[in-house]
1. Just a yes or no: is a residue in the range 220-230 surrounded by 15 or more Cβ atoms within 10 Å (Cβ to Cβ) and within 23 Å of ILE149 (Cβ to Cβ)?
2. Of everything in the range 52-83 that's more than 20 Å from LEU261 (Cα to Cα) and among the aromatic types (Phe, Trp, Tyr), which residue is least open to solvent (accessible area, probe 1.4 Å)?
3. Quick one: how many residues across the range 97-149 are away from ligand 1 (no atom under 12 Å from the Cβ), of a type in the set (A, V, I, L, M) and within 18 Å of GLU168 (Cα to Cα)?
4. Starting from residues that are out of contact with any helix residue (DSSP H, G or I) (no Cβ under 6 Å at 6 or more places or on another chain) and open to solvent by 10 Å² or more (accessible area, probe 1.4 Å), keep the ones in the range 192-204 and report whichever is nearest to ligand 2 (Cβ to nearest atom).
5. Please give the strands (runs of 3 or more DSSP E) falling wholly within the range 98-191 in which 3 or more residues are open to solvent by 40 Å² or more (accessible area, probe 1.4 Å), modelled with pLDDT of 95 or more and within 16 Å of ligand 2 (Cβ to nearest atom).
6. I'd like to verify a number: residues in the range 22-51 that are of a type outside the set (A, V, I, L, M), assigned to a loop (DSSP other than H, G, I, E, B) and surrounded by 13 or more Cβ atoms within 10 Å (Cβ to Cβ), how many?
7. Could you go through the range 138-148 and let me know if any residue there is closer than 21 Å to CYS200 by Cα and touching a Leu at 6+ places or on another chain (Cβ under 8 Å).
8. Looking at this structure, is ASP191 within 12 Å of ligand 1 (Cβ to nearest atom) and within 8 Å of the chain's Cα centre (by Cα)?
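The values are calculated or read from the model by the stated rules, or taken from the named source; none is laboratory data. Remember, predicted model here, so these are calculated numbers, not experimental data. Because the Cβ atoms are built from the backbone with ideal geometry, glycine has one as well, and the counts that use them run over all protein chains shown. Ligands, DNA and RNA are excluded from the accessible area calculation, which covers all protein heavy atoms including side chains. Shrake-Rupley method; radii C 1.70, N 1.55, O 1.52, S 1.80 Å.
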Amino acid sequence: MAESTAVDEEHKGESSPFSNSVYKELAKLNGRINQMSKAAVVSKLKELKLSTEGNCDVLKKRLKNYYKKKKLTSANLFTASKLSPYYVIVDFEATCQETNVPDYQHEIIEFPAVLVSTELQQVIDHFQAYCRPVLNSTLSGFCKELTGITQEDVDTADTFPQVVKDFEAWLTKHKLGSKHKFTVVTDGPWDMGRFLYGQCKISGLPYPKFAKKWINIRKAFSNFYKCRRFSLKMMLEHLELDFEGRPHCGLDDARNIARVLLRMISDGASIQVNERIHLLALEAKSKVGKPECVVVPVTASNPYNTANKMQQKRRQRDHQTTVFSDSDEDST
Ligand code: AMP
Ligand code: MG
């Protein structure tokens with residue numbers, strides 16, 4: 001696995017990245033940390049009263065970031081991580097079969113959201129509602145087993161249009177999107193690109209503004225800790241955290257994503273929008289088998305308002321199954 005240096009992201013594109021001696025000092029320190037055993041890193045972190053949760057790579061990253069912040073602050077060169085004041089973590093559960101046929105129309109059956117305050121570094125509220133599916137109103141045994149959602153939960157629930165209104169009212173109650181800026185966080189590109197997009201089509205609703213761009217935490221995690229793209233379970237394992245609650249319960253999934261997010265914030269990660277949806281409905285109308293929307297990576301060199309046209313064109317040519325794969329097309 002490639003070892004990161006504390007100064008790598010900071011100076012991309014600058015003509016003389018190491019002109020200040022503090023950077024040389026940090027590079028040396030990083031080299032020394034790379035050579036340290038896990039026990040030595042743990043002992044140093046304990047001495048500094050920092051968390052010792054996480055595998056060796058995570059612990060080294062934490063220690064490097066501690067020195068980076070300390071040394072750059074004293075040299076007046078520290079720039080704070082780029083964070084949103086609030087994060088809203090969404091993790092939909094949907095109707096499914098054991099083997100989902102490619103054109104299976106998933107319907108959202110659980111709409112959970114967890115609100116994280118960056119200032120308080122904690123979860124401050126949550127929203128949860130079940131949704132009654134209309135195309136496949138009877139849940140498969142597999143779906144009930146996977147998600148823990150019962151037939152009664154969905155039979156007594158509102159349909160999606162009412163639930164999305166209730167969710168938007170919850171955002172309004174917290175002044176999110178008005179007084180307070182927030183960013184949506186998901187685990188992978190599918191919540192928005194597949195489940196929400198598909199559900200809005202089924203319900204005849206316009207695609208909601210709040211979900212046009214978001215943070216795919218898998219990408220953010222792999223970019224920050226310099227590791228492969230991991231599932232939620234594996235991200236938690238990497239941080240040496242146990243999954244709390246029931247996997248595939250949307251609310252518990254969202255709470256565990258929040259734990260990963262909070263760990264990344266306290267480790268000094270910048271956590272910004274890295275994906276957006278690009279709606280192609282009109283362009284793709286007459287082309288059978290073509291996708292109607294694509295999930296587009298958002299990077300420093302490819303911001304969401306000037307998305308890389310070549311990438312978009314290539315994706316438009318691709319089949320839907322590849323469009324929604326968790327691709328590696330972001331800059332790392
Ligand atoms: P998750 O957020 O991982 O709980 O998954 C979201 C949704 O994806 C689930 O509610 C299912 O509709 C679908 N899904 C997840 N895992 C599977 C699976 N192993 N087989 C079929 N569908 C799945
Ligand atoms: Mg889930």
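1. no
2. Per the criteria, the residue is TYR67.
3. 6
4. Of the residues in the range 192-204, the ones out of contact with any helix residue (DSSP H, G or I) (no Cβ under 6 Å at 6 or more places or on another chain) are 193-195, 197-198, 200-202, 204.
Still in the list and also open to solvent by 10 Å² or more (accessible area, probe 1.4 Å): 194-195, 197-198, 201-202, 204.
On the way: ARG194: 13, PHE195: 10, TYR197: 17, GLY198: 16, LYS201: 21, ILE202: 19, GLY204: 25 Å.
Among them, the one singled out is PHE195.
5. Where strands (runs of 3 or more DSSP E) fall fully within the range 98-191 and carry at least 3 residues being open to solvent by 40 Å² or more (accessible area, probe 1.4 Å), modelled with pLDDT of 95 or more and within 16 Å of ligand 2 (Cβ to nearest atom), they are 122-130.
6. Our first condition is that a residue be of a type outside the set (A, V, I, L, M); within the range 22-51, this holds for 23-25, 28, 30-32, 34-35, 37-38, 43-44, 46-47, 49, 51.
Next cut, assigned to a loop (DSSP other than H, G, I, E, B) only: 37, 49, 51.
Going one step further and asking which of them are surrounded by 13 or more Cβ atoms within 10 Å (Cβ to Cβ), we end up with 51.
Total satisfying the criteria: 1.
7. no
8. no
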